[in-house]
Each structure stands twice: as structure tokens, then as C-alpha cells.
Amino acid sequence: MAILGAIHPVLTAGLNGAVDNNSGWQLKDYVARGGYSVLKKILAEKTPPDEIITVIKASVLRGRGGAGFPTGLKWSFMPRSLPGDKYLVCNTDEGEPGTFKDRDLIRYNPHAVIEGMAIGAYAIGATRGYNYIHGEIWELYQRFEAALDEARAAGFIGQNIQGSGFGFELFAHHGYGAYICGEETALLESIEGKKGQPRFKPPFPASFGLYGKPTTINNTETFASIPFILKMGGEAFLNLGKPNNGGTKLFSVSGHVERPGNYEIPLGTPFAKLLEMCGGVRGGRKLKAVIPGGSSAPVLPADVILDATMDYDGISKAGSMLGSGAVIVMDETTCMVKALERLSYFYHEESCGQCTPCREGTGWLYQIVHRIENGAGRPDDLALLGDITANIMGRTVCALGDAAAMPVQSFIKHFRDEFAYHIEHKTCLVPKDVQWAGSGFHKAAEVR
Amino acid sequence: MLEIEIDGKAARVPDGSTVMDAAQLLGTYIPHFCYHKKLSIAANCRMCLVQVEKAPKPLPACATPVTNGMKVFTHSALAKKAQAGVLEFLLINHPLDCPVCDQGGECQLQDLAVGYGNGKSRYGEEKHVVVHKNVGPLISMQEMSRCIHCTRCVRFGQEIAGVMELGMTHRSVHSEIMSFVGRSVDSELSGNMIDLCPVGALTSKPFRYSARAWELQRHRSVSPHDSVGANLIVQVKHDKALRVLPRENEAVNECWISDKERFAYTALNSDERLTQPMIKQGGEWREVSWNAALDYVAHGLKDIAKTAGGDALAALAAPNATVEELYLLQKLLRALGSGNIDHRPRQRDFSIDGKRVGTPWLGLTLADLKHRDAVLVVGSFLRKDHPLIAQRLRHAVQKHGAEVSLLSVAVDDPLLKLHAARAVLPSDLANALAAVVKSAALQKGVSVPAGLENVAVDETAERIARSLIAGEKTSILLGNAAQQSADAGHLHALGLQLAALTDATFGFLGEAANSVGAQLAGALPDVVQGGKGNARQMFEQPRHAYLLFGVEPELDCANPQLAVAALQQAKMVALFSAFKHTSALEYADVLLPLAPFTETSGTFINTEGRIQSFAGVARPLGEARPGWKILRVLGNVLNLPGFDYENSEEVLRAAGIQAADAGFATGLDNRLQETEVTVYPKPQPTNALERIADVPIHFTDPIVRRSAPLQATADAALPTARCSAATLAQLGLQAGQNVKLTQGQGSVVLPVAQDEGVPAGGVRVAAGHALTAGLGDMFGSITVERA
């Protein structure tokens, strides 16, 4: 992947489109772009942590991992004055289908994450941090380790940073690729060396987190934004976006567009503009549907998404979630039953198996959708799917159950006729040759 | 306190309570699988979802903390729909093979499916299949497709047994409960997982397919296998004990029992049971009637008493005989003019007989163990000798941060975090305890007790003393090895000194089910100069006639060589036994079939002094008879006065013990009347190797020794000679080699193994096992040479 376009870039400013994978990420480059100046300034001036949190709150930076929780508010939950260890954890366990932004941040701008974490640690009073990196992007784990070595050697992390007396030890930790380890409490379990399974909440990590100590967990992009926000000021960052949706954000656009990749645009940019930046729908075909926030977000039909703006509130109003900013574009050649089958299989395989509704329900959902796709659907299957999703949603330990249920509900809601057709005629509403024409795989197979 | 209303019923609950706690207080049942009051909260089954006012979605009662003014609805439409939804999910991949499932009839899933599920399944797909596992001879994991992934067994291992032997691997519907690859489940508490399993995934291997739950009669009983006196439910069909389960008694065994207690019953149905009185005539064993057998014994006893005097008679009883049996045995013997009776076959040192103020006991209640701040255990193979006491101490460490220290003759991992641990040779144990006493005196700034002036205080001793002084509630407990060592009296005196210095309780982890009761029943030798007639002296100075009551001398005595030699020269040996004890066929003259605990009424007094009477649960097998009846009739045959008891309660009353279910015995006191000054350190024998003998958990009494499933466990592995690497090097031996071990006239050949838990100069060789029965003193000197 690459960063293929930007409007008012913040995180990717100065990366020149980042076409070269192996330069521009190092400490010298980051410092040349003005990096670590904020951390130095804070430590030199001994800025009160509350002041930092106030700026972050003013920027209305919302968590970039998917939930969109205001970062400043999250940081203010930390019992800073409590004696004992406190931890800061970065979640780079980017496993949601469609999402590939954090890996580019680690690839091209790892020091922004490190600086953001060091500032965060200072603000919440943590002395130790971990960056948990998805197990399937091994080379980026290595890159982050290399960046950590540089930062450690330059005295930006470690004991007594820049002679300030403040110490922050930061470590990289890689997972083994389980999607569930992106759930923050499963991630903590995994760091502790246990099986990655979400914990029941409450207690929340701010009171009982890593090794039972107060812990703050943020997404990679969230941390990377911190130095820039503090440099430009909270108001300025907020004004890049729109009210309650501060700043710019990376969008990972995949699917049926001409130029799939990462795009940094201000929150509030119309979807149509983003689609245009991507070169439009592939082959000039007609847009059918878009999943705007990663595979767990409800799908939106073309007419709805074309009127929406890309920000938390805008997408929410349109009936979905901005999530991690993973935009999956589907054109008219897509069979929605097939697409849902693929998604349901993912959640079925990635359920941690801990709690009953998710462990059993996700498999059941997949089996039914699979059956419909393969011409063995039954007349009451759609009602059954609705019932099963209702029995999963809100009944599970973590949000994976909801994540598995929402695509099913939204696909059926918006494309019910396709499902009904499938059940009745035992084949797709979208003719197979049309599907094949739209499929890169089948094209390649024909040429061969 | 918080106020909560559940289904309209109001309650006040302590802060920190969960909705489930509150519901139990109110007597409201909330369906659940993964929740168990003794385990941590997992909240994974989701069966206990309830509606909470103002909460947008149903919440799990087990994990939801009560907030003041909370209103909960367990049967509202929302709650019921959530519960039914979860149950449907649980059943879709469950095989529904209830007709062939051992759990059928006592299955939580079955019950809740009836109460909360639909009559018909909407799931038409293929069910997920889980491959069966073999985890040893006790737990069957043959039908793991039945598992509902509640993880009770996993949490039990982590939290109660102290070792995680089962875990949940894989993800999603592929999740499986399994052990580490190729490993069995070896915890001595593992059988409790069978009880905890709410479905038929973990079932009892010995019980499998032998009966349905509803065919069994449930009877209360008390475990004869260790000094806790765990309360049991013995399930019986056609006068045959088919299963043993814990009976919940929070004060004694909570809801747990050890595997020994759970599976020992299998021996009671074995072919080795003695079912007919037998007499040896002209070297031939003949089955005879009770009349003939008792006449024979009575004549023998009378003749010998007449010709050689009462002192020529001796009786040795097992410490897990009932109070009634022991009382009648000593009464009979004393009526014949003999005071040679004892119930302590493994004891070596009797120097404090006659100096006790009262009856030795635990020194506190079992329940109090969980609230200790610091505990010192001296001379104990804690986890295997006292599984449930180890479990209580583990709880104290895990939940309350108690500091438990171990000063023993070998450090076996007790599966609890030890504050301090030191292993010394048995002959050095008193010196090591003396160092703690001295350190405690120095730390308290009081004068060092006389005799301890020259004791060197090591770091471990200081650490132990410090924890005992710092803690508010502290205890010093002497284990089996301490009581069986040659320094038992010294250890007792030192323990009392330490307790006084540190304001701790002092007591004994009783050796057997009725160690306390036996003393109260008078099964102790008359105290005369030189300690006449105790369990050792009666063999050192051979007698003419022996009554052996429930003991197997070559396995139960501190020095089997000595015992067997004395028995072989005796004119008459009568063995009261539940089993045909083959080694006894050589030296015994009469075998009297004794009813085991399931076939007799009786009373045990456990180590905390709790009097627990029990009734027989089955008719005696064959001609076996309750011990108290045999002794009562023998008394009649002998024309002795006062042997006209009609039932065991009368015997108990005669023994001076008021039968009371939850009552405690009186006269419990660990103090000594006088303490002579002993000078420490006691000189150590030089260059001699010392034997260190544990009695492995499944070799402690005749019943467990014959339980086939228990004998197939890892705990019943063949004995080896275990030495530290240093000792091995000194002897020029390598682990795995066969060595010849010699004590006195006897020697055995065993493989040698390396074990760093054994102190240098020590050779650990288990007692209680047929292979080592030819050896001498449990803690005596031993020679080792290459075989």
C-alpha cells in the first residue's frame, strides 16, 4: 500500500506521497520535518500534564481505532496521582478487513507514533509503554524496533529523557495475527503472555489494565496525531475538520476503485470527493455499495453514501460507522450474498470462542449465508438470520459479536431482494458473467 | 450496604456484591453455567443475563456489580429472550446424546434446557465434533463435543488446585479444552473438575456406565483417608458403593475432596476383600465360621495371658479406625491385663508420652487456616499428605497474601507461593527449627531460650521468624514427617517455644482420619518408665500375641523389618482386616473380615477436633462385620464384663464422647507438662546417608493401596531412590542407574533419580509401598551401592 493522496495533510505532510518504502522514516528525516520538537519543548518547559490534555480535548481528536472515543477525555480518566506503575499501550493490531492505515504510519512515520506515545506517557504519568503490532506485518514490527533503537539512542525514550528527569521505556510487542487481539483487553492479555481473549468490563483498563495496573490504550494514528496537534494547537486541528470531528484522518480505500490506497483528508470531506481522489469506480462502472468504516460497519447503498460526508457524525447520520476509516467500495458486479458470506466467514474464524453467543452465533450465521450463497437457502432463513443477530448483539463480552451481526443486518436490510432471489432461484441476482467480468481473479484466469 | 430489588423483592447487600450474590441472598434462581461461587468470574456462558433497569442491554448477573437502588428483572421478556437465545446457542453444537451420557439426570444443561429452552431446534447444520482426549485414569474426556466452554475446569486448576493442567486452545467454535500435549491431569484434586463440569464432558472414568444417577441412593459419610475428615456422599446401588462425591461443608472440606477420597471406593468392590474369617492350621489357611474364629482368638489370648502374663499381649491399630473400635480394642486388652496398645505405627519417638497436657490437635479450626497472615509448616509433604489443607493455605496466599513457609526434609512444590523454604536432613530438622526459635527471640529482643545459645541463625530462619512476628494471625504446624521423625518430641517442644515467642497458634497436621479420636478413645499405651508397650517397643521386645487392627505392618510401620520379625516369632497374630493381606498370610494365624467405613457406623474426630459420626451406607460384604461388633462379641466370648453394647452410639458414650454432629471434642491441648532443656545444635551423624521417607498419597492406608484407578495415576509411580546432584556425585552414581539400598538386614534394588528438593546427604525412598517394605526406619541411616 501506499499513501496516494492528501488534502491538508498533517500525519503524512512532507512524506512526498511516500512512494519509496525505505527512506524518509528515519529519525533524521523526522527531525528535519520538525519532529520531536514538541516533546523537547514539553520536557524543557515542564508543561503541566493538564495543559496537554486540555489541548487534546480542544482538538476534539477522536480515537482513530474505530470507536471514536475522545482521546483527551480518555486520558483524563487515568488516576495520575495513584502511586505505582501505569502503562501506556499503542494498538497497532490492525486486523479489521479493509484497514491498512496504521501499517503505513509505522512504515513511513514511526517516530510520530513514538513521540506521540512519549507525550502521552508524560501526560498520564505512565513510565512504561508497549506498541502491540499485528503479527502479519512482521517487516513493520522490525521497522518499529529500528525506530525505537534510534529514539532510544537519541534519548527520546528511556530513562531521564532529554535530562528532564522524566523516564519512559517503550517496547514493541508483536502478536500472531488474531483479529481479537485488536480488542483492547484481549490485547492486554496477549501482552501478558496469555491467550488473547477480551476481559469482562468493568473494570476498565484505566483502573485495571496491563498487569492489573491503570492503563491507557490508543490507536497508532491517534498517537501519531498528538505531536502535530500540540504543535499547531487544538483549535487549529479541530478547524481542519468540522465541529466534534477534529482534524484530518487516514482513509484506507479498497475494493472496486481505480487507485486503492491510503488517503489523508480532513474529516467532513464528502465521500464523492474521496472517490474522485481514488480515480473513481474501477472501469467506470456503477457504484453499488460502500462499507465506510471497516468490515464490521453496516454497509451503505450507493445513493446514501454519495450524499454523506466522511466524518464520525456524517457517517453515523447515514446509518453506519466511520470506524477505522476503512472504505470498502463495491461496484455493480458484486454479489452481495457472496460478499456477506466472505465477511461472515471472517468473524466466524476470528471469534475468540470465549462467550457463547459469539462462539456459536458467528458460526451459525456463516453457515446460513454460505448455504444461501450455494443455492441451499430456505424460505425462513432471512428471518432466522435476523433472529440470530438479535440474540448476539449486546449479549457478548466484547464488541466482536456486534461486529459480526451488523454486516448481516445491514446487508439484508439494504439488499434484501438479492438474498430473496438467491433463496428462491438458488443463484445470484447479479449474473455470474457480470461478476466474473468485475473480478480481477477471473480476468487473470482467462488470460492464462 | 447497597439496596437492590430483584423481581420486586428488596434486599440489602454488602458493597462489592454482584447481582448473582444478591439473587442468592434472596433465594432467586438465576440460570448459569460458568459461574461458581468458589471460582473467579468468567462471565463467558452468558446464561445469567438479566434485565437491569436503565441498562440498554441485558447484563450478566454474575459479573454485574450491584449499585444502590438497582432494579433487576430476571424473568422479564427481555431477560427471558436473552436466556433462551443463549441456551439455543449452547445447544446447537451440543450432541444432545443425553440417553447415553453419564451426566444424564444430573446435568445442568439438561435441566436448563427443559426450563429455558425451546422444544425444537432451529439448527439444521452439521454439528461441530471435538476429538476425545486421554488425561489419565480418573477423568474421562471421551465426549468433548459435549463441552460448553464454561472454563470452570480451567479456572479450578488455576485457582484451587494451583496448577493449570487444562486450558482452552484454539479460537471460535474450534475452541477445545485440553491438557498440554500428551500430558495427563495429575493434580491430587483433579476429580473435583468432574463435579464442576456442568455437562457430561468431564466424567468419572471409574464410574462410567456403571449406573444412572437416579438409580443411586445417596448416603452421608466421612472420609477415612486423611485428618481433614472430608464429608462425603457415598452413592450406593445394590449395597455396592459406586461413586463418592463431596458433601458440602464449608467448615471442613468446603465443596472439594481429594482424588484419594473420591476414587478409593473402587477398592471396596475389589476381589481382594476378605469376606470370611480364616484360620491357619498346620500351615494351611481354612475358611471358618465366626464362632470358630473368635473362639480361637479368645483361647489364644486367654492362654497366653495366663501363662506369660498380660504384658505378653499387644495390639496395634490403624489411626483411621473409628473411635468405637479403638475404644473397645483398648478396653478388651486392658481387661486382659495388658496396656500395650497404640495407634501410631509410624511414630519413632515416644519421649513425650505422659508429658502431654491434653490431646494434640491442629491448634485452630480448619476454616481459620484461610485467614492466617503467616504460617510455618514443619516437616511435611504438605500437598500430598494434606491436599485440602494445602488448598486452604493456597487460598490464604492467593487471596489474602498470607506468608507460608516450609521447613521440611524435602521441598516438594506445594503449588503455592512459599515465603521461605528450606529442606534439611531429618536429623537436622530440630536444629533448623531451633534457629527459627532463636531468631524470633533475638528479633523480639527477649532472652534466647536455654540450650539455644550456640545455634547459628541462617537467613531463612530470620525470614520465617520475621513473618511470624509481623503477622497478626499466625500458626506453626507440625506435619507428618515431623511427627514421625526421631526428634518428634524436640520438634514439639521447639514449636511450642516458637509459638509462645511469636504469639502464634501451635498444632499438628494430624496424620490420619482419627488421630485425635484415637487418643481420646484411649488407644495409647500405659505410660510406665521406659515407654513400655508403644508402637515401637511392642516390636522391639517381641510379645507372644498381637492383635493387628486395620494395619498392614510391613507398609504401615515406621520400621517394617522390626515389626515383621516380631510378628513372625509370635505365638498368635490375629489380623482384623477388610482385605486379604497376602504378606500377613505368613505370620498371621487368624484373619477376621473387618467392615470398611462404608459398611459400619462409627465416629472420626478430625484434626481440628470435630466429632463426625457416620452410619454405614451398605451391608457388609460376605461375612465381614463392623469392628465394634467383632470386638464386642470377642469380649463376650472372653467373658469380660461391660461388653454388652447394643449399638455404636452406646460405645461412643462409653468412650466419654458425646455424639454430636458439629460438636468439638474437649481436652484438646498441645502443651507439654515439662520441658527439659535440650542443647542445640544437636550433633549430626557424619558421613552417613539418611533415608527420607514420604508416604505417597495413594499408599497411606489399605483401601487406597488397592484402588485400581488410583494405582494407575502418576502419584502411584514406582518408588525410586531420589538424591540431589551433589549426593549422586559423592556416591559416583548417575540418575537412572539401579542401586541397592540397605537398612539393617533388608535391602532393595531401585533406580536412582535426581531430585534437587532432597537435601545433600539424604536419600528419598518412599514408605508404604510393597517394594520398599523390606527396609528399616523411615528416617534412619541407609547405605547405597551400585546394584
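Each value in this text was obtained by applying a stated rule to the coordinates, not by laboratory testing. Quantities reported herein were computed from a predicted structural model and do not represent experimental measurements. Glycine also receives a Cβ, built like all others from the backbone with ideal geometry; neighbour counts cover every protein chain displayed.
Structure data summary
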{"item": "Relative exposure of A:220, A:389, judged by other C-beta atoms within 10 Å (fewest first)", "result": "A:389, A:220"}
{"item": "Number of partner chain Cβ atoms within 10 Å, mean per residue of B:587-598", "result": "0"}
{"item": "Helix A:138-153 axis, angle to chain A major axis (alpha carbon atoms, nearest 10°)", "result": "10"}
{"item": "In region A:209-287, the trypsin sites (Lys or Arg not before Pro) that fall in loop regions by DSSP, at most 12 other Cβ within 10 Å", "result": "A:286"}
{"item": "Derived scalar couplings ³J(HN,Hα) [region A:389-403; Karplus, 6.51 cos²θ - 1.76 cosθ + 1.60; whole Hz; x for Gly, Pro]", "result": "4, 5, 6, 8, 4, x, 10, 9, 5, 10, 8, 4, x, 4, 4"}
{"item": "Two-site label geometry, residue A:7 and residue B:446: point separation in nm, points 7 Å out along Cα→Cβ", "result": "8.4"}
{"item": "Interchain or long-range residues, amide H under 5 Å from residue B:478's placed H", "result": "B:378, B:507, B:508, B:509"}
{"item": "Förster radius 30 Å - calculated FRET efficiency between residue B:615 and residue B:29 (Cβ-Cβ, nearest 0.05)", "result": "0.40"}
{"item": "Residues residue B:68 and residue B:371, FRET efficiency given R0 of 25 Å [Cβ-Cβ distance, rounded to 0.05]", "result": "0.30"}
{"item": "Global form of region B:357-416, assessed from the alpha-carbon gyration tensor, a/c cut-off 1.5", "result": "oblate"}
{"item": "In region A:128-185, the chymotrypsin sites (Phe, Trp or Tyr not before Pro) that fall in loop regions by DSSP, at most 16 other Cβ within 10 Å", "result": "A:176"}
{"item": "Average Cα contact separation per residue, region B:1-83, under 8 Å, 6 or more apart, as relative contact order %", "result": "35"}
{"item": "Relative contact order (%) - criterion: Cα under 8 Å, at least six apart; region: region B:375-435", "result": "34"}
{"item": "Peptide-level mean, for B:167-180, of C-beta atoms on other protein chains within 10 Å", "result": "5"}
{"item": "Shape category assigned to region B:241-374 from the gyration tensor of Cα positions, a/c cut at 1.5", "result": "oblate"}
{"item": "Global form of region A:303-448, assessed from the alpha-carbon gyration tensor, a/c cut-off 1.5", "result": "oblate"}
{"item": "Dipole in debye (nearest 20) - region A:305-412, about Cα centre, beta carbon charges: Lys, Arg +1; Asp, Glu -1", "result": "260"}
{"item": "Where labels lie 7 Å past Cα in the beta-carbon direction, separation of residue B:132 and residue B:737 in nm", "result": "4.5"}
{"item": "Computed FRET value (nearest 0.05) for residue B:120 with residue B:78, which takes r as the C-beta separation and R₀ as 25 Å", "result": "0.65"}
{"item": "Whole-Hz ³J(HN,Hα) from phi, Karplus 6.51 cos²θ - 1.76 cosθ + 1.60, for region B:772-784, glycine and proline x", "result": "10, 5, x, 8, x, 4, 4, 10, x, 6, 8, 10, 10"}
{"item": "Zone of residue B:454's modelled label, taken as backbone nitrogen in region B:684-700 under 16 Å from a point 7 Å along Cα→Cβ", "result": "B:684-686"}
{"item": "Principal-axis tilt of helix A:356-373 within chain A, Cα atoms, nearest 10 degrees", "result": "40"}
{"item": "Loop sites in region B:1-110: trypsin sites (Lys or Arg not before Pro), DSSP, at most 13 other Cβ within 10 Å", "result": "B:37, B:54"}
{"item": "In order through region B:71-85: 3J(HN,Hα) via Karplus (6.51 cos²θ - 1.76 cosθ + 1.60), integer Hz, x for Gly, Pro", "result": "10, 10, 10, 8, 10, 5, 4, 5, 5, 5, 5, 5, 5, 5, x"}
{"item": "Neighbouring partner chain Cβ atoms per residue of A:392-402, average, 10 Å criterion", "result": "3"}
{"item": "Pairwise Cα inverse-distance average, inverted: Kirkwood Rh of the protein assembly as shown (Å)", "result": "34.9"}
{"item": "Disulfide-incompatible cysteines by the Cβ rule (no partner under 4.7 Å) in chain B", "result": "B:48, B:62, B:98, B:101, B:107, B:147, B:153, B:197, B:255, B:557, B:723"}
{"item": "Point-to-point label distance, residue A:41-residue B:181, nm (Cα→Cβ direction, 7 Å offset)", "result": "5.5"}
{"item": "Cys residues of chain A counted as unpaired, since no other Cys beta-carbon is under 4.7 Å", "result": "A:90, A:181, A:278, A:352, A:355, A:358, A:398"}
{"item": "Region B:544-652 - percent relative contact order, Cα under 8 Å, separation 6 or more", "result": "18"}
{"item": "For residue A:89, residues with placed amide H under 5 Å, excluding near neighbours", "result": "A:130, A:216, A:217, A:218"}
{"item": "Full-extension gain in nm, residue B:760 to residue B:299, via 0.36 nm per residue minus C-alpha separation", "result": "160.7 nm"}
